[in-house]
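Undergrad: Just dropping this structure here.
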Amino acid sequence: MNSNNKTIACPLDCYDTCEAIVVDGKIRGNKGHFPTDGKLCSNFIACLKADYLQTPLYNNRKITLEESLNILVEKLKNVNANNSLFYKGSGNLGVMQSSLKSFFAKYGSTLTQGSLCDGGGGFGIKATRGEVVNPPIEKLLEADVIIVWGRNFSVTSSHMYELVKDKTFITIDPIKTHIAKRSELHLSLNPKTDYELALLLTRFAYMQDMEDDEFCEKFDTSEDFFDLAKSRPIISYEEATGVSLDDINRFFEIIENKKVALVLGLGVQKYYEGANITRCIDSFAAFLGLHNSSHHSGVWYLSNSTYGYESQFDTTNSLIKEDVSEVDFAEYEFVFIQGANPVVSAPNTKRVINGLKNSFVVFMGTTYNDTCEYADLIIPSCSFLEKEDIRLSYGHQYKSVSNKINEPSKDTISEYDLTKYLYETFNFDGLKDEKEVLDYYKSSKAKEYVFDNFEFIDDIEIEHLYEQKLENEYYFITAKQKRSLNSSFKIDNYLYLNPKTNLKDGSKVKLRSKYGEASFEVKLTQDVKPNCVLCYAGNKKANYLTPYKSDETSHSAMYQEVLVSIELP
Ligand SMILES: Nc1nc2c(c(=O)[nH]1)N[C@H]1C(S)=C(S)[C@@H](COP(=O)(O)OP(=O)(O)OC[C@H]3O[C@@H](n4cnc5c(=O)[nH]c(N)nc54)[C@H](O)[C@@H]3O)O[C@H]1N2
Ligand SMILES: Nc1nc2c(c(=O)[nH]1)N[C@H]1C(S)=C(S)[C@@H](COP(=O)(O)OP(=O)(O)OC[C@H]3O[C@@H](n4cnc5c(=O)[nH]c(N)nc54)[C@H](O)[C@@H]3O)O[C@H]1N2
Ligand code: SF4
Ligand SMILES: [Mo]
């Protein structure tokens with residue numbers, strides 16, 4: 001097949017949503033795709049080279065695709081649909097991945113709600129502005145100063161960073177990340193004290209006459225927000241956040257008379273009250289006028305990438321939803337897992353494994369991951385080069401288009417083709433034609449987002465981790481790293497600690513939390529605050545320690561609502 005000049009969307013769960021192109025038979029970054037600008041990252045290369053599943057497995061025995069589909073159908077006909085669960089992860093973020101959900105919704109399975117990712121923060125921003133939509137990326141390019149708050153900006157959105165890397169940065173993060181080292185100012189705050197920092201900054205903005213009167217007067221809730229900010233003595237803010245008043249003054253010196261942007265990440269919202277913490281930060285941003293595009297650039301979070309598009313796969317008839325963070329697989333007779341690796345990525349690994357052992361598990365994915373160990377039936381999904389798709393982005397407004405470069409291997413199937421097969425077998429109707437769906441996403445322009453309301457937060461109650469923390473306990477930080485994409489590719493299983501802990505590089509320790517325990521090998525680094533420990537996403541032990549309860553409002557996970565202690569063996 002001549003695939004020259006055909007584009008390929010990077011399928012990976014990442015802000016950048018890059019697009020590749022085939023040139024003389026080789027896959028390159030597309031120079032014509034604005035955020036990609038001709039470059040691809042090591043995770044994309046790893047995704048091209050991944051060891052793709054080629055053969056379905058039933059009880060660890062190789063079978064044909066046809067046999068696997070027969071087993072699936074037979075099972076679906078014999079289980080009670082009320083006792084079945086459909087669980088989708090974010091291994092591939094193409095829009096066609098949602099087709100299967102529409103089958104399981106019609107079939108009567110329980111679906112999941114909430115998120116393992118950005119749910120709390122999204123809920124908070126929705127409460128202030130109505131929708132979670134980023135300004136056009138071009139506005140970020142206009143900023144003089146970019147505040148990077150709880151986001152590993154240069155690592156987790158390396159292409160967006162590349163577009164603005166010469167700007168002045170301020171980073172707010174307990175970890176000295178790459179972007180923190182590149183920043184004019186790094187506020188190394190204590191974890192889960194971001195709302196207090198936001199309130200302290202609000203007070204200082206007022207004292208320095210830097211609030212945006214025009215914006216605040218438009219929305220009458222701004223006064224209540226300011227009252228909230230005044231409700232505590234400054235000195236107690238300083239102690240709680242671990243950020244000095246000198247640094248706060250420096251913050252305002254840097255942004256004074258500058259065009260400012262805020263890029264906000266997952267770090268601030270991995271807690272029980274993640275929604276309100278985020279809302280507090282967004283309210284501070286509004287107070288400063290960052291949402292006022294005539295003065296400043298705006299605020300970027302993980303936007304709702306489907307905003308302004310009509311859903312092409314109908315899942316509305318599904319009534320039963322379980323919080324993704326709280327799923328107990330053992331409660332279901334039949335579980336279908338698509339594009340996920342809950343054994344590593346979902347909270348509380350021990351509970352996940354016990355659950356999977358007690359259910360009939362079907363896994364549909366591209367690679368043999370940790371969850372496959374507990375699957376009864378494995379159906380290989382064909383790779384992203386072997387199916388057509390479109391990717392919408394949660395980082396910027398550009399889509400990327402995936403053409404079929406190769407034919408699928410004999411015993412693999414795309415998510416859409418499996419959906420179609422199941423619709424036909426069960427005599428369901430209502431599935432749109434593949435081409436019609438693709439054409440819709442290719443040709444439609446998202447309805448434009450008009451930002452016409454802002455509700456400042458006027459009350460907030462937080463259970464402080466610092467009040468619960470015992471002398472011998474640490475904050476548990478878990479975040480992304482460069483060489484892996486969540487649980488895929490080059491996994492780092494180390495526990496990172498500050499040398500002040502007096503532990504030795506390479507020593508083995510056991511971590512214990514309220515929710516579980518696990519052993520790790522230690523790596524020492526000055527980049528981690530002395531009161532924190534850090535495990536990267538994909539670390540096979542990290543989630544033995546995390547809580548499986550949902551957050552306050554958004555049915556979502558809260559990986560860092562936990563304290564840990566260290567034991568020597
Ligand atoms: N290379 C690479 N890129 C990725 C991914 C990947 O695995 N690898 N994953 C993708 C996915 S799924 C997502 S959702 C995005 C997420 O990307 P980001 O939004 O960057 O999220 P994280 O890396 O989880 O955490 C960001 C930062 O928050 C900090 N942090 C932790 N706790 C706190 C706190 O209490 N307050 C503050 N202010 N900061 C805190 C952490 O130290 C970390 O530096 O990245 C995507 N991009
Ligand atoms: N400790 C800790 N845990 C975390 C996080 C953290 O920072 N720390 N981050 C959280 C976040 S932000 C997220 S988004 C989640 C992610 O958690 P998950 O959504 O479970 O994602 P992954 O663990 O990356 O697993 C993705 C799997 O998708 C499969 N896959 C890849 N491409 C395709 C495809 O085309 N089709 C199909 N059917 N399957 C495919 C691969 O087999 C891969 O193993 O993890 C969360 N868990
Ligand atoms: S930066 Fe993200 S979207 Fe771009 S190629 Fe790498 S993983 Fe894919
Ligand atoms: Mo995520």
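Undergrad: Is it the case that the stretch 329-339 has a residue that's in the same structural domain as Ser84 (by TED's automatic domain parsing), in contact (Cβ under 8 Å) with a residue 40 or more places away in the chain and within 16 Å of ligand 3 (Cβ to nearest atom)?
TA: For the stretch 329-339, residues in the same structural domain as Ser84 (by TED's automatic domain parsing), in contact (Cβ under 8 Å) with a residue 40 or more places away in the chain and within 16 Å of ligand 3 (Cβ to nearest atom): present.
Undergrad: Considering only residues that are touching a Ser or Thr at 6+ places or on another chain (Cβ under 8 Å) and of a type in the set (Asp, Glu), which ones fall in the stretch 410-435?
TA: Hits for the stretch 410-435 are Asp411, Glu415.
Undergrad: When you scan the stretch 251-300, how many residues do you find that are open to solvent by 10 Å² or more (accessible area, probe 1.4 Å), in contact (Cβ under 8 Å) with a residue 24 or more places away in the chain, more than 21 Å from Glu214 (Cα to Cα) and more than 24 Å from the chain's Cα centre (by Cα)?
TA: 1
Undergrad: Restricting to the stretch 189-231, name every residue that is part of a loop (DSSP other than H, G, I, E, B) and aliphatic (A, V, I, L, M). Before the answer, list the steps.
TA: Start the filter on the stretch 189-231 by keeping residues that are part of a loop (DSSP other than H, G, I, E, B), which leaves 189-193, 208-212, 219-221, 231.
Of everything in the stretch 189-231, those that are part of a loop (DSSP other than H, G, I, E, B) and aliphatic (A, V, I, L, M) turn out to be Leu189, Met210.
Undergrad: Could you tell me which residue of the stretch 126-145 is nearest to Glu256 (Cα to Cα), considering only residues that are charged (D, E, K, R) and touching a residue at least 12 places away in the same chain (Cβ under 8 Å)?
TA: Looking only at the stretch 126-145, we keep the residues that are charged (D, E, K, R), and these are 126, 129, 131, 138-139, 142, 144.
Adding the requirement that they be touching a residue at least 12 places away in the same chain (Cβ under 8 Å) leaves 129, 131, 139, 142, 144.
On the way: Arg129: 25, Glu131: 29, Lys139: 19, Glu142: 16, Asp144: 11 Å.
Within the stretch 126-145, the match that is nearest to Glu256 (Cα to Cα) is Asp144.
Undergrad: Okay, next question. Output the qualifying pairs, or none if there are none: Cβ atoms under 6 angstrom, residues six or more apart or on different chains, first residue in the stretch 535-546 and in contact (Cβ under 8 Å) with a residue 24 or more places away in the chain, second residue open to solvent by 50 Å² or more (accessible area, probe 1.4 Å) and within 7 Å of ligand 2 (Cβ to nearest atom).
TA: Listed pairs, sorted by first residue: Ala537/Lys480.
Undergrad: Additional query: Collect the residues in the stretch 376-418 that are in a loop (DSSP other than H, G, I, E, B), polar (S, T, N, Q) and more than 29 Å from Ser359 (Cα to Cα), keeping them in residue-number order. Break it down into steps so the answer makes sense when it comes.
TA: Step one: list which residues in the stretch 376-418 are in a loop (DSSP other than H, G, I, E, B), which gives 376, 382-383, 387-388, 392-399, 403-412, 414.
So of that shortlist, the ones also polar (S, T, N, Q) come out as 383, 393, 397, 403, 406, 409, 412, 414.
Ser393, Gln397, Asn403, Asn406, Ser409, listed by residue number.
Undergrad: Evaluate the following for Lys88: is it open to solvent by 50 Å² or more (accessible area, probe 1.4 Å), assigned by TED's automatic domain parsing to the domain that holds Tyr374 and within 23 Å of the chain's Cα centre (by Cα)? Walk me through how you get there before you give the answer.
TA: Values: open to solvent by 50 Å² or more (accessible area, probe 1.4 Å): yes; assigned by TED's automatic domain parsing to the domain that holds Tyr374: yes; within 23 Å of the chain's Cα centre (by Cα): yes.
In short, yes.
Undergrad: Also, I was wondering about something else. Restricting attention to helices (runs of 4 or more DSSP H) lying wholly within the stretch 73-178, give those where 3 or more residues are closer than 30 Å to Leu319 by Cβ and within 16 Å of ligand 4 (Cβ to nearest atom). Give the steps one after another, and end with the answer.
TA: Details: elements: 99-107, 119-129, 137-141, 153-156, 158-164.
In the stretch 73-178, 119-129 are the helices (runs of 4 or more DSSP H) which contain 3 or more residues that are closer than 30 Å to Leu319 by Cβ and within 16 Å of ligand 4 (Cβ to nearest atom).
The values are calculated or read from the model by the stated rules, or taken from the named source; none is laboratory data. Please read all numbers here as calculations on a predicted model, not as lab measurements. Backbone-built Cβ (ideal geometry, glycine too); neighbour counts: all protein chains shown. Only protein heavy atoms, including side chains, enter the accessible area calculation; ligands, DNA and RNA are left aside. Shrake-Rupley method; radii C 1.70, N 1.55, O 1.52, S 1.80 Å.
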